[in-house]
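What follows is a set of notes on a single structure, which appears directly below.
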Amino acid sequence: MRARTESASQRLERVALNPLARTGTGYRLFVLVLLAVLGWGAYAFVTQLRWGLVSTGMRDQVIWGLYLVNFVFFIGISHAGTLVSAILRVTQAGWRTPVTRMAEMITVVAISVGALMPIIDLGRPDRVWHIVVFGRFQSPLLWDILSITSYLTGSLIYLYLPLIPDIALMRDRLGRDASVIKRRVYTLLAVGWRNTPEQRHRLEKAIGIMAVTIIPIAVSVHTVVSYVFSMTLRPGWDSTVFGIYFVIGAIFSGIASIIIVMVLFRKIFHLEAYITERHVRNLGYLLLVALLLYLYLTVGEYLTTGYKLQVEDKHLLELLLTGANAPWFWLFVIAGMVIPAFLVIVRRGPVIPRMVVAAVLVNVAMWVKRFVIVIPSLQVPLMPFDFGTYRPSWVEWSITAGAFAGFILIFAILAKLIPLISIWEVAEDEQRREPAPLAEAGERSGLRPEEVEALVETALRERRRGQGVR
Amino acid sequence: MIGMRRRLVMAAVASAALLGVAGLSWLATAAHAQSQVPPPYAGVKNPFPWDNPAARDAGKRVYQQSCTGCHGAAGSALPAADFSQAGFHQRLETEPDYFFWVVSEGRPAQGMPAFRSSLSEPQRWQVLTYLWSLSSPAAPGAETPHPGDVFIALTAPQEGTAGQPIVLKAVLRGKDGQPIVGAAVDFAARLYFFTDGSIPMGEAVTDETGVAALTYTPRFSGDVLMAARYETVESTVRVNVAEAEQPFYHPEAGIQLPALGKEVFIGPESARTLGPLGFAPGVSFRLPGGALSWLLIVAAAVALVWATYFRVLYQVLRIPIGSQMGDTDTRLVPAIALAVVIIVGAFLVLKLLTGSYSHFNLGH
């Protein structure tokens, strides 16, 4: 009996820590490809520094291009992360534990990449320092600095806190051949964690505070990002709904990102036992809710604009609905709204491929949607001049590719440094399960019924022992 | 009389153009009202006696709510439908169904709305009963002074400018020539804006000399008939209001919000006033100053967030040290994190409060 119990918890550890221990050729090759793309992006950036912004497609009318599209996109999927994980934690959704770690990782990586984008967008990136020295608080750009700094710090803390017990576990499992540096870093990061009740109490209190705090900060970040647009008098931007529109859009693309990342890691690192169909299905329903909200806000936005139809709005809507940007706009509508909705609603075929297709479509469409928000508004002339044009140059495409490669690369490296699922929370979750629905619990966690039974027995014994001590 | 006839002809031409045959038949209706009133209304009678004071007072209230905008307080604002002209009460008595029909179905071509859905049937009759009292010399128990008992005279400068205040004075005298004290005089301007209309300018109470003075800043221009009315007597005067040379309405940029301290203004001084033709001025920023400025609220929110980070990391710092951890300082990471949080948080808050464009530098 005891041996079986050990095997269940050992199995969790083995599965979760496996990616950290073993590194295959495929992985190295993948990292090399990513590094190559990143290097190509870096070369493009050097070209841009050398020749100036004239090497991009941005000109005096269309002053913002792919960089700002990427900025909004990455800040958007960063919501995945922390917001979704914090909401699930605050609402005590029982199925959240295998999901939260990856969501939090998306946040930290996406926000780091996203925050670089406005700096790349500058003709003189060395002058970014000026916003610190001369920043004026009436500028939405300074609001961006405020909330993105707070969000990045907060999500780092929020990623770190639940990591502490897992880092302690890794510290204790390090083999003899581990380097001194690795041993020392894990020891330092584990802050002397021994899983005593008092330590646990402090950590859980800290996590509880952060989960509540991070939600308004996450909302503020994307609201402020939208204010950069909506505080201007441009058609399509001058909108009071932009704050919530961007927040919902961010949650929407964020959930889609979680689904993609989760299924990828499940496949690559064989996490099928812990990330089950149920997790993907539940996230699919969340995706549908966000989709419907976003659809509602989109219809409301264009309907109120189109009903009044001022001259500039007319130009904008023509550009979007029938003009130069129509392919992009309708791509967003069909690939981002219609098809994913059907994929979630019509429950035919296997769940996971269906949700992944929906999630990929949503992320592509939401990138396109950000393009449709940023570019056409700038093309509409506010003075009696001609329409602006914009065609991204190879420099912009290369830097964009580099940004995505960097995003994936950091993820790939992080996957080798920290466990992708929160081991202690999953274990705790399994212990908490009541004995009655044994079969269901086994199905959920992917354990065999005997293993579940054994786990429950151990948990009960421990609980009895705990009561005795008290 | 000529003017009235011309209006009638114009109305006829316009109606004919608009409604064709229907318009022509309507002309006939206007001429021979009693014979042309359509079925639901033909032959209906006022359920109230014409001199019923209760119905009259109820009708007055309805009239003041729904009718004064076009017909004026005395019912004489529209010459084509002047309820105060002598003999109007006799027309009411002889063809009540016609007037009830007009009130109910309106005269869309002339701008008279239909009241069938907004006023109940008794209410419509009450209004007609009130209209009867306006021209009837024998309205018994009338609280209003009879025209002729009261004398009103309005004086105003002949010339004015839009946006510049003018003083209107109405002298009110009783039958015996004594000033009427403490009476409320209504002032209104008669303007043509698609239809003849009356714009209320305000109300003033007569002083002990019987003079009601109203200072009014017109926002319109042109040759305007201004009227002072007390109960049923009215006096008009024509004022030529010249167009303003500069935008006069809201000449200041931004909104003046109540504040505890000196206002913070960021931008060139020229941005305080609107440009020519009322165009928006250059970029500027106005904020209420003092202790309750929104900047302080923002700074407090940022401080709160970073204080929370501090608190959370402090919890981590206070995680007790395991016994066999003697060789490494396990508090190093949280201690560094705490220092970073303090430095960045303090920097952001101080940046808000002491930045080169913040309250500290601009409020003084």
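The values are calculated or read from the model by the stated rules, or taken from the named source; none is laboratory data. What you are looking at is a predicted structure, and each value in this text was computed from that prediction instead of being measured. Note: ideal-geometry Cβ built from the backbone for every residue, glycine included; neighbour counts use all protein chains shown. For accessibility, only protein heavy atoms count, side chains too; no ligands or nucleic acids. Shrake-Rupley method; radii C 1.70, N 1.55, O 1.52, S 1.80 Å.
Details
- Residues of segment A:324-349 classified as in contact (Cβ under 8 Å) with a residue 12 or more places away in the chain and outside any helix (DSSP H, G or I), total: 2
Residues are listed down the side, and each one gets a yes or a no for (1) at pLDDT 90 or above; (2) more than 14 Å from chain B (Cβ to nearest Cβ):
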site: A:Asp172; (1), (2): no, no
site: A:Val180; (1), (2): no, no
site: A:Glu198; (1), (2): no, no
site: A:Gly208; (1), (2): no, no
site: A:Val221; (1), (2): yes, no
site: A:Tyr227; (1), (2): yes, no
site: A:Val263; (1), (2): yes, yes
site: A:His270; (1), (2): no, yes
site: A:Asn282; (1), (2): no, yes
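One line per residue, one yes/no per condition, for (1) more than 27 Å from A:Pro216 (Cα to Cα); (2) at pLDDT 80 or above:
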position	(1), (2)
B:Pro268	yes, no
B:Phe279	yes, no
B:Ala291	no, no
B:Val298	no, yes
B:Tyr314	no, yes
B:Pro320	yes, no
B:Leu332	yes, yes
B:Leu338	no, yes
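Quick grid of which residues meet (1) crowded, with 19+ Cβ neighbours inside 10 Å; (2) at pLDDT below 80:
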position: B:Pro49; (1), (2): no, no
position: B:Gly59; (1), (2): yes, no
position: B:Tyr63; (1), (2): yes, no
position: B:Ser66; (1), (2): no, no
position: B:His71; (1), (2): yes, no
position: B:Pro79; (1), (2): no, yes
position: B:Phe83; (1), (2): yes, no
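- Answer residue from segment A:137-152, given it is at pLDDT 90 or above and open to solvent by 30 Å² or more (accessible area, probe 1.4 Å) and is nearest to the other protein chains (Cβ to nearest Cβ) among those: A:Thr149
- Condition broken by B:Thr215, with the remaining ones in (1) open to solvent by 40 Å² or more (accessible area, probe 1.4 Å); (2) closer than 21 Å to B:Lys60 by Cβ satisfied: (2)
- Of residues in segment B:79-104 being farther than 26 Å from B:Val233 by Cβ and in contact (Cβ under 8 Å) with a residue 12 or more places away in the chain, the one farthest from the chain's Cα centre (by Cα): B:Thr94
- Given (1) open to solvent by 40 Å² or more (accessible area, probe 1.4 Å); (2) in contact (Cβ under 8 Å) with a residue 40 or more places away in the chain, number of the condition A:Ala206 does not satisfy: (1)
- Residue, nearest to the chain's Cα centre (by Cα), within segment B:163-201, restricted to residues that are open to solvent by less than 30 Å² (accessible area, probe 1.4 Å) and farther than 13 Å from B:Glu234 by Cα: B:Met201
- Selected residue (criterion: nearest to the other protein chains (Cβ to nearest Cβ)) from residues of segment A:231-240 that are surrounded by fewer than 20 Cβ atoms within 10 Å (Cβ to Cβ) and not basic (Lys, Arg): A:Leu233
- Residue match in segment A:180-187 (condition: surrounded by fewer than 23 Cβ atoms within 10 Å (Cβ to Cβ), over 28 Å from the mean Cα position of the chain (by Cα) and outside any helix (DSSP H, G or I)): no
So that you can scan it fast, the table gives a plain yes or no per residue for (1) in a loop (DSSP other than H, G, I, E, B); (2) at pLDDT 90 or above:
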residue	(1), (2)
A:Phe387	yes, no
A:Trp397	no, yes
A:Ala403	no, yes
A:Phe411	no, no
A:Leu420	yes, no
A:Glu428	no, no
A:Gln431	no, no
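- One residue alone among B:Thr328, B:Thr354 is open to solvent by less than 80 Å² (accessible area, probe 1.4 Å), at pLDDT below 80 and more than 10 Å from chain A (Cβ to nearest Cβ), and that residue is B:Thr354.
- Criterion: out of contact with any Lys or Arg (no Cβ under 6 Å at 6 or more places or on another chain), touching a residue at least 40 places away in the same chain (Cβ under 8 Å) and either assigned to a helix (DSSP H, G or I) or of a type in the set (Val, Ile, Thr) (or both) - qualifying residue of A:Val364, A:Val372: A:Val372
- Test result for A:Gly284, open to solvent by 10 Å² or more (accessible area, probe 1.4 Å), in a helix (DSSP H, G or I) and not aliphatic (A, V, I, L, M): no
- Top-ranked residue in segment A:330-371 [being open to solvent by 50 Å² or more (accessible area, probe 1.4 Å) and farther than 15 Å from A:Gly284 by Cβ; ranked as nearest to the chain's Cα centre (by Cα)]: A:Val364
- Against the list (1) open to solvent by 10 Å² or more (accessible area, probe 1.4 Å); (2) within 29 Å of A:Asn18 (Cα to Cα); (3) in a helix (DSSP H, G or I), the condition A:Val228 fails is (2).
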